[in-house]
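Please treat every number below as a calculation from the coordinates, not as lab data. Given the structure is predicted, the values throughout are model-derived calculations rather than measurements. Ideal geometry is used to build each Cβ from the backbone, glycine not excepted, and the neighbour counts take in all protein chains shown.
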Amino acid sequence: MERNTEVITKFYSAFQNLDYETMNSCYSDDIVFNDPVFGLLRGDEAKCMWEMLCKNARDFSLSFSTIELLDEEYATCKWVATYTFSKTGRKVVNNIKAYMLLKDGKIIEHSDAFKLSKWASQALGLKGALLGWSGYMKKKIQQNARKSLIKFIEKKNAGFDPA
């Protein structure tokens, strides 16, 4: 169980330094990730999301605490990300609770929970404050996040030479 604490500490310490390669080394190849902004991501999609977020981070800081081992496989952790949302230039302070399933020293499932309406209010301003609770706005946020991720992956793969 101590090993799981080490993996989680390594993941968030790397995130503090925007080191997506080390973060992704903590994940299994078939990682399953879920959060209110990106929805469900699997494998390389999840790893590319962290790469995109780290590369695009502005005025970023992160703290983490309260790693709680629930049993030999399950753990939770609280973390707070503070950053400038690139699309609006607005400051966001996002309080998140992570739920992780670990096996053989790797994170195999990772789910981040936070109030999307609170995030939308900070990131999008008045529009987010007024509509952040609505299904329409939640769907729009996820569509935009997914579109940004797909664009990032396509751009990344365009520079890849398989030969």
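Overall, the chain carries a charge dipole of about 1300 debye about its Cα centre when +1 sits on the Cβ of Lys and Arg and -1 on the Cβ of Asp and Glu, all other atoms neutral. Once amide H atoms are placed 1.01 Å from N in the peptide plane, what residues at a sequence separation of 5 or more from I31, or on another chain, have their amide H within under 5 Å of its amide H? Those qualifying (amide H under 5 Å, at least 5 residues apart or on another chain) are G43. Counting only DSSP beta bridges with both residues in the chain, tell me the antiparallel percent, nearest 5. Percentage antiparallel, nearest 5: 90.
Could you work out [θ]222 nm for the chain from helices alone, using -39500 (n - 2.57) per DSSP H run of at least four and dividing by all its residues? Round to the nearest 500 deg cm²/dmol. Mind showing how you got there, number by number?
On the way: 6 runs with 73 residues, N = 163.
One gets -14000 deg cm²/dmol as the mean residue ellipticity at 222 nm.
Scaled against 2.2 N^0.38 Å for its residue count N, the alpha carbon radius of gyration of the range 2-114 is 1.00.
Coupling constants for the range 57-71 follow from the phi torsions by the Karplus curve (6.51 cos²θ - 1.76 cosθ + 1.60, θ = phi - 60°), and in residue order they are 5, 10, 6, 8, 8, 9, 10, 9, 7, 6, 6, 10, 8, 7, 6 Hz; glycine and proline get x.
In order along the range 93-102, the Karplus-derived 3J(HN,Hα) couplings, from 6.51 cos²θ - 1.76 cosθ + 1.60 at θ = phi - 60°, round to 10, 10, 8, 10, 10, 9, 10, 10, 10, 10 Hz, and Gly and Pro are given as x. Return the FRET efficiency for the residue pair T5, N95: r is the Cβ-Cβ distance, R0 is 22 Å, and the value is rounded to the nearest 0.05. The calculated FRET efficiency here is 0.55.
Please compute the alpha carbon radius of gyration of the range 92-159, then divide it by the globular-protein estimate 2.2 N^0.38 Å. Two decimals is fine. Before the final figure, lay out each step's value.
Values: Rg = 15.3 Å, N = 68, 2.2 N^0.38 = 10.9 Å.
So the range 92-159 has a normalised radius of gyration of 1.40.
Taking amide H atoms as placed 1.01 Å from N in the peptide plane, the amide H of L70 lies under 5 Å from those of A75, T76, each 5 or more residues away in sequence or on another chain. In sequence order, the range 77-92 has phi-based couplings of 7, 9, 8, 10, 10, 10, 6, 9, 6, 4, 6, 10, x, 8, 7, 10 Hz under the Karplus curve 6.51 cos²θ - 1.76 cosθ + 1.60, θ = phi - 60°, and Gly or Pro positions carry x.
In this label model, R42 and V80 are separated by 3.6 nm, measuring between points 7 Å along each Cα→Cβ vector. Within the range 46-60, whose backbone N sits under 17 Å from a point 7 Å along Cα→Cβ of R146? So the set is 46-49.
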